[in-house]
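Engineer: Before I ask anything, let me first share the structure, which is written out below as structure tokens.
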Amino acid sequence: MKTGTAADHDKLPAVIVVLAGGVGAARYLRGVLRVVSPDDVTIIGNTGDDFRIYGVHVSPDLDIVTYTLTGRIDEEKGWGLAGDTTVLLDEMRAAGLNAWFHLGDRDFGVCLARTEMLAAGASLSDATARISERFGLAPRLLPMTDDEVGTRVVLANGEDVHFQEYWVGRKAADPVRSVYLGGADTSRPAPGVVDAIASASAILIAPSNPVVSIGTILAVPGIREALTASSARVVGVSPIVGGAPVRGMADKLMPAAGAPVTAVGAALLLRDVLDGYVIDLVDENLAGDVEALGLDVAVAQTMMRTVEDAAALAKVALTMTEHR
Ligand code: GDP
Ligand code: CA
């Protein structure tokens with residue numbers, strides 16, 4: 001069954017794979033799902049942010065995507081469930097714990113369910129499928145890997161901390177030397193990931209952080225190779241608009257990855273897998289520099305203030321996947 005407007009579906013390619021981080025990806029995906037049927041969409045989600053805290057396995061990016069696409073997200077924060085309470089965290093704090101990672105009560109329940117499934121022998125893919133079903137998520141959501149990985153941030157003083165500790169715990173205050181995906185070497189793409197890429201007719205890279213959302217997906221051995229081998233064209237959207245991230249910490253992490261904080265820098269980090277890149281209207285003067293990287297360029301409104309904005313942006317990117 002197709003949803004949305006039939007006229008929109010007619011011209012755009014089906015069987016679409018979207019590489020996704022958290023908030024930027026979720027907002028973009030809302031637009032993608034306005035213009036193509038959810039049955040045709042496979043989302044490959046970043047699990048570099050995953051970690052264990054308070055006894056549970058947290059998958060921040062998978063949950064942000066799930067909550068956003070099922071209308072359950074706390075819109076203001078961009079993560080967590082709308083209307084969630086914080087009794088568990090309040091109680092931990094009252095007992096004197098430094099409960100620095102925010103997790104609402106119902107959100108905690110989702111993470112606890114995931115943890116129990118994993119403890120009972122389920123893979124992260126299995127657990128993700130069950131949680132997707134519980135929320136009524138229409139497109140298929142696959143974690144990039146079922147293996148235990150974690151994004152690590154090496155600080156200027158040599159300390160090596162998990163991304164969550166850097167970002168949430170220390171509020172991105174420390175200068176960064178480098179970023180890597182811990183456990184990448186022995187990780188494999190989750191079941192279905194390589195097949196989805198190989199059989200896709202269009203591949204989209206969401207306007208997610210190029211280092212800690214997309215870079216980590218590409219760090220799983222086999223995914224980058226699958227993308228370059230796929231006959232489908234790969235089109236991304238710049239998360240950097242006017243020389244700054246729309247939100248988040250990309251400005252702190254891109255220089256550590258050797259890229260300037262511009263749409264060109266974002267394209268540079270992903271150029272080996274990209275065929276085309278969509279940059280914002282305010283960055284029109286950079287179009288030539290992105291083209292010089294060997295990419296097709298589209299200049300469009302990329303600020304997603306509404307779902308309609310996101311849908312229009314998705315259409316631009318999907319149309320680009322058809323050009324040869
Ligand atoms: P996170 O894991 O929650 O940080 O989310 P992502 O990695 O998916 O997205 C973070 C990136 O999304 C940031 O670099 C933002 O600049 C970008 N972003 C957020 N909203 C928008 C938007 O409306 N337009 C564009 N072009 N980028 C956006
Ligand atoms: Ca994230």
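The values are calculated or read from the model by the stated rules, or taken from the named source; none is laboratory data. Nothing here was measured: the structure is a model prediction, and the numbers come from that model. Positions of Cβ are backbone-derived with ideal geometry, glycine not excepted, and every protein chain shown enters the neighbour counts. Just so you know, the surface numbers come from the protein's heavy atoms only, side chains and all, with ligands and any DNA or RNA stripped out. Shrake-Rupley method; radii C 1.70, N 1.55, O 1.52, S 1.80 Å.
Engineer: For region 244-292, give me each residue that is open to solvent by 30 Å² or more (accessible area, probe 1.4 Å), acidic (D, E) and either in contact with a helix residue (DSSP H, G or I) (Cβ under 9 Å, 6 or more places away or on another chain) or within 13 Å of ligand 1 (Cβ to nearest atom) (or both).
Structural biologist: D251, D272, D275, D289
Engineer: Now for a separate question. Report whether or not G48 is surrounded by 15 or more Cβ atoms within 10 Å (Cβ to Cβ) and touching a Phe, Trp or Tyr at 6+ places or on another chain (Cβ under 9 Å).
Structural biologist: Yes: the conditions hold for G48.
Engineer: If only one of G21, G96, G83 is within 16 Å of ligand 1 (Cβ to nearest atom) and either in contact with an Asp or Glu (Cβ under 6 Å, 6 or more places away or on another chain) or free of Cβ contacts under 8 Å to residues at least 60 places away in the same chain (or both), which one is it?
Structural biologist: Going through G21, G96, G83 in turn, just one is within 16 Å of ligand 1 (Cβ to nearest atom) and either in contact with an Asp or Glu (Cβ under 6 Å, 6 or more places away or on another chain) or free of Cβ contacts under 8 Å to residues at least 60 places away in the same chain (or both): G21.
Engineer: Moving to a separate point now. Which strands (runs of 3 or more DSSP E) sit wholly inside region 139-220 and have at least 1 residues that are buried (at least 22 other Cβ atoms within 10 Å of the Cβ) and within 17 Å of the chain's Cα centre (by Cα)?
Structural biologist: So the answer is 140-143, 150-155, 176-182, 202-205.
Engineer: Now a separate question. Which residues, counting only those in region 231-248, are more than 17 Å from G21 (Cβ to Cβ) and assigned to a loop (DSSP other than H, G, I, E, B)?
Structural biologist: Hits for region 231-248 are S231, A232, G242, G243.
Engineer: Out of all the residues in region 61-78, is one or more open to solvent by 10 Å² or more (accessible area, probe 1.4 Å), of a type outside the set (A, V, I, L, M, F, W, C), within 16 Å of ligand 2 (Cβ to nearest atom) and not in a helix (DSSP H, G or I)?
Structural biologist: Yes, because at least one residue in region 61-78 is open to solvent by 10 Å² or more (accessible area, probe 1.4 Å), of a type outside the set (A, V, I, L, M, F, W, C), within 16 Å of ligand 2 (Cβ to nearest atom) and not in a helix (DSSP H, G or I).
Engineer: Then there is this: Within region 93-110, is even one residue part of a helix (DSSP H, G or I), open to solvent by 20 Å² or more (accessible area, probe 1.4 Å), at pLDDT 95 or above and among the acidic types (D, E)?
Structural biologist: For region 93-110, residues part of a helix (DSSP H, G or I), open to solvent by 20 Å² or more (accessible area, probe 1.4 Å), at pLDDT 95 or above and among the acidic types (D, E): present.
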